[in-house]
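The values are calculated or read from the model by the stated rules, or taken from the named source; none is laboratory data. Being a predicted model, the structure only gives us computed values, none of them experimental. With ideal geometry, Cβ positions are generated from the backbone for all residues, glycine too; neighbour counts draw on all protein chains shown.
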Amino acid sequence: MKIFDGHNDVLFRLFLKDKESVHEDFLKGDNEGHLDFPRIKEAGFIGGFFAIYVPSQEEKIKSADKPIRYDDMENDSYELPLPKPVDVSLALPIVLQKIDILKNIEKQSKGEIKICKNAKDLNESILNKKLSVIMHIEGAEAIGSDLENLDTLYDLGLRSIGPVWSRPTLFAHGVPFKFPSSPDTGEGLTEIGKQLIKECNKRKIIIDLSHLNEKGFWDIEKLSQSPLIATHSNAHSICTHTRNLTDKQLSAIKDSGGMVGVNFAPAFLRTDGKMLADTDLDIILRHFNYLIEKLGDDKVGFGSDFDGALIPSGINDVLGLNKLRLLMKNHGFNDQLMKKLCHDNWVNVISKILG
Ligand SMILES: [Zn+2]
């Protein structure tokens, strides 16, 4: 059963290597982190949202799976301070550099990898067994205060935007990493944020609600003409983390024809909110079951967060998807349901939005 996934940060991992020709490391396989091309093929991972993330200035990043202070997230409760906003002059060059890495990967893949810009691209790419990439930006700082870079980035292949990673932007406010807590942690969209949503609708760009606080979520729900998408978030009713979605939010996602990708990061899975690699994989099934109950079986998929977060040691890297698929089957998910959860749901909703 092939997997199409809602979120990975392999471009961030490669960017951190800070050297020329990281695309070769990816294509040949550096066996580091969670994802590289040989392991992707072996795992039956056929595509997903590839995130472009700009690190906060105060982040001391050692590796892609330790982007924030996970030690604090092992406490019974926690609230990490939000990093300061990042200026467009800092964000844009980093975003362009990561797009360059992705373009080099596509170019040097000898036709095995495709950056998909519309439904036709995506469906042909899947049919031809290529790795299908949706270019996603996590935190919209690089777009600029007058949205002056939106069309440049669109022309380069950008088709999905998260207005915020958790720190505030010109457009909206993200949730702090806080447990336990409601996602209602502050102000919603700014005026220019509302403008961004309208411009995304016009261009058929996917809008990602993961990382937004609750007011921002409802602002978009009111404004957007597009299905509501949370690429990598879980059920708040099971894990009361700010990053997760309340039943009311899930109901709005369902009504919009949208979708949720299940995030593998323990802090967003576990009932105690702890970021611990030693996490039983059954909790992933609990979120799948719950989301299916609330959304229906055609609005749930994967949102791994590979190379962007700590992952349960039982999965370890993309090859661990085999174990997870087996667990899902043994849990009673039949082939028809598996096909939906593993790839069809994402492919359908992306095709619908991109057109
Ligand atoms: Zn994220």
### Summary
A277: passes all of (1) in a loop (DSSP other than H, G, I, E, B); (2) crowded, with 16+ Cβ neighbours inside 10 Å; (3) of a type in the set (G, A, S) but (2)
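Looking only at the stretch 42-61, count every residue that is farther than 18 Å from V347 by Cβ and touching a residue at least 24 places away in the same chain (Cβ under 8 Å) and tell me the total.
Number of matching residues: 11.
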#### Entry: Residue in the stretch 298-314 that is nearest to A265 (Cα to Cα), counting only those that are more than 16 Å from the ligand (Cβ to nearest atom) and crowded, with 16+ Cβ neighbours inside 10 Å
P312
### Query
Restricting to the stretch 134-176, what's the tally of residues that are in contact with a strand residue (DSSP E or B) (Cβ under 6 Å, 6 or more places away or on another chain) and either more than 16 Å from the ligand (Cβ to nearest atom) or part of a strand (DSSP E or B) (or both)?
11
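For the stretch 108-120, enumerate the residues that are within 26 Å of S21 (Cα to Cα) and either free of Cβ contacts under 8 Å to residues at least 40 places away in the same chain or not basic (K, R) (or both).
Within the stretch 108-120, Q108, S109, K110, G111, E112, I113, K114, I115, C116 meet the criteria.
Yes or no, residue by residue, for (1) polar (S, T, N, Q); (2) in contact with a helix residue (DSSP H, G or I) (Cβ under 7 Å, 6 or more places away or on another chain); (3) more than 16 Å from M73 (Cβ to Cβ):
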| site | (1), (2), (3) |
| --- | --- |
| I253 | no, yes, yes |
| V260 | no, yes, yes |
| D272 | no, no, no |
| D280 | no, no, yes |
| I311 | no, no, no |
| H331 | no, yes, yes |
### Query
Looking at (1) more than 17 Å from K340 (Cα to Cα); (2) not in a helix (DSSP H, G or I), which is the only condition I283 fails?
(2)
### Task
Taking K98 as the residue in question, decide whether it is farther than 22 Å from R243 by Cβ and within 16 Å of the ligand (Cβ to nearest atom).
yes
## Note on the structure
Taking the stretch 1-52 and keeping residues within 16 Å of the ligand (Cβ to nearest atom), closer than 24 Å to K299 by Cα and either at pLDDT below 95 or among the charged types (D, E, K, R) (or both) leaves D5, D9
#### Entry: Pairs with Cβ under 7 Å, 6+ apart, first in the stretch 330-347 and farther than 19 Å from D282 by Cβ, second aromatic (F, W, Y)
H343/F4; W346/F4; V347/F4
### Query
Based on what the data block shows, is D317 within 25 Å of K274 (Cβ to Cβ) and either within 16 Å of the ligand (Cβ to nearest atom) or touching a Pro at 6+ places or on another chain (Cβ under 9 Å) (or both)?
no
### Summary
Restricting the stretch 221-232 to residues that are farther than 22 Å from A119 by Cβ and in contact with a helix residue (DSSP H, G or I) (Cβ under 7 Å, 6 or more places away or on another chain), the one farthest from the ligand (Cβ to nearest atom) turns out to be L223
